[in-house]
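To start, the structure under review is shown below, and the notes come after it.
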Protein chains: 2
Amino acid sequence: MTPAELRAACRAGRWVRPTSGLCDGFVQANLMVVPAEVAFDFLLFCQRNPRPCPVIEVLEAGRVEPASARGADLRTDLPRYRVYRDGRLAEERTEVSGLWRGDLVSFLIGCSFSFEEALQGAGVPLRHLEEGCNVPMYRTAVPASPAGRFRGPLVVSMRPIPAALVPLAVQVTGRYPRVHGAPVHVGAPGSLGIGDLSRPDFGDPVEIREGELPVFWACGVTPQAAALASGIPFCITHAPGHMLVTDLRNADLAG
Amino acid sequence: MTPAELRAACRAGRWVRPTSGLCDGFVQANLMVVPAEVAFDFLLFCQRNPRPCPVIEVLEAGRVEPASARGADLRTDLPRYRVYRDGRLAEERTEVSGLWRGDLVSFLIGCSFSFEEALQGAGVPLRHLEEGCNVPMYRTAVPASPAGRFRGPLVVSMRPIPAALVPLAVQVTGRYPRVHGAPVHVGAPGSLGIGDLSRPDFGDPVEIREGELPVFWACGVTPQAAALASGIPFCITHAPGHMLVTDLRNADLAG
């Protein structure tokens, strides 16, 4: 399936599942849509938190066709969306056309799926892909840098990595600063404020085997945690794992 | 002189000259101050033009003390300022306290002085320092990516580099993506739309010797060219070459 074909399938309601493993080689993006009145605050939040929020593209108010996905429509071409109102998850939907307004500013944010291809290419196994589930994600006790009305915890994704491969995993992902880059933390989940790895806040739990360390990367769900923590009146995001697949190549994002 | 001492000298009116070569090892920054109503547009302009406009820090509306220069006051602690009104250079001053308003948002943008230290350390000679003048800067025919009300030409700085040292100069500056990074162009000024290297648009002309190539880096004066080209009603900047000296270390900006 090409990215354009997948987007058309989403638009037609024929694809409503996670996008992990689809359209090999193409960049997938987190979505955050906010009213223009808080767009400066959110762009500043991204600028101050480049690890969890690396900006791939910003669409000006009212625009729905990204330069990185010509012919796409952000209102329909993701498999699943979340709508937050006043700091609460209000609903999950498969399109948001009926909610669209001319003052909405859309942000596409880099996603770790891009560097997972590079990790696999380097021979680093990825447990959530082996188990056929979504990557586990956790709210941490580490605050993201606040900006205007946006504040909240850093969210991280976790991949169990065999101890001998940890340096390789750091080096490979460090080449991709536009998709979260190197890990923010290796081992010791307690020092991030994560109590129980078997109970992620987003995504699915995965097995950690003898001789493996939990390795943590900054995660593009951080804006959703900020929307919850900050009580932002209204925003639309992708549902975790249900990304926009763009026409950019992962190779284009290597630093 | 420490950065704090230099800033105090600026504040007292005792230093009103360019800052090139001062406070070795510390990051110097371009300044752009805009009203809140165009702050999103300008931050997006920076996001879309990371080579000329690498953001070091953004101060929210009304704030004048940067995190990167504790105790400083942006209204007084640069040696010289420019004030633009309606797309024209209105005046040049040594402080802007009397013009300050609570809705002004300040941007600190990386400056090539940071990588010049690394170039010199690698044995690359810098002509404008040898000649004791400001680096020459040119408006190009290459448009920066527009964002909202901001549009204008890419501005570049030029350093003549001996042909054999060009690859080294590219590699050394490429390690500093937060201060313009690698050159945008080597040789052939005509293809950038630069007609006469002896007549820079900002700064001073320098000699280009036999066996040297003109090498061009994206320049932090690009926002000033955009203020002119876009007819922004009001903004305050540093005067070219007269930078804010921060307490950050150049080494902190290496990629």
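The values are calculated or read from the model by the stated rules, or taken from the named source; none is laboratory data. The shown structure was predicted, so the numbers you read here are calculated from the model rather than taken from an experiment. We place every Cβ from the backbone using ideal geometry, glycine too, and count neighbours over all the protein chains shown. Note: accessible area is taken over every heavy atom of the protein model, side chains too, but ligands, DNA and RNA are not part of it. Shrake-Rupley method; radii C 1.70, N 1.55, O 1.52, S 1.80 Å.
Kindly establish whether residue B:251 is touching a residue at least 60 places away in the same chain (Cβ under 8 Å) and aliphatic (A, V, I, L, M). Taking the combined requirement at face value, the residue satisfies it.
Looking at the range A:3-11, is at least one residue modelled with pLDDT of 95 or more, open to solvent by less than 40 Å² (accessible area, probe 1.4 Å) and within 14 Å of another protein chain (Cβ to nearest Cβ)? The answer is no; no qualifying residue exists. Taking the criterion of being over 26 Å from residue B:251 (Cα atoms) and within 15 Å of the chain's Cα centre (by Cα), would at least one residue in the range B:115-125 satisfy it? No, that holds for no residue.
Of A:27, A:34, A:83, which residue is over 20 Å from residue A:241 (Cβ atoms) and touching a residue at least 40 places away in the same chain (Cβ under 8 Å)? Every option except A:34 fails the conditions.
Counting only residues that are away from chain B (no Cβ under 14 Å), touching a helix residue (DSSP H, G or I) at 6+ places or on another chain (Cβ under 6 Å) and among the β-branched types (Val, Ile, Thr), the range A:12-44 holds 1 of them. For the range B:52-103, taking the residues that are basic (Lys, Arg) and more than 14 Å from chain A (Cβ to nearest Cβ), the one that is most open to solvent (accessible area, probe 1.4 Å) is identified as B:88. Of all residues in the range A:72-117, those satisfying the criterion of being assigned to a loop (DSSP other than H, G, I, E, B) and either within 19 Å of residue A:179 (Cβ to Cβ) or not charged (D, E, K, R) (or both) are A:72, A:74, A:76, A:78, A:79, A:87, A:94, A:96, A:100, A:102, A:111, A:112.
The set of residues from the range A:160-184 being under 25 Å from residue A:107 (Cβ atoms) and not hydrophobic (A, V, I, L, M, F, W, C) comprises A:173, A:174, A:175, A:176, A:177, A:178, A:180, A:181, A:183. Sort out which residues of the range B:106-129 are touching a Pro at 6+ places or on another chain (Cβ under 8 Å) and buried (at least 24 other Cβ atoms within 10 Å of the Cβ), and write them in order of number. Hits for the range B:106-129 are B:107, B:108, B:109, B:110.
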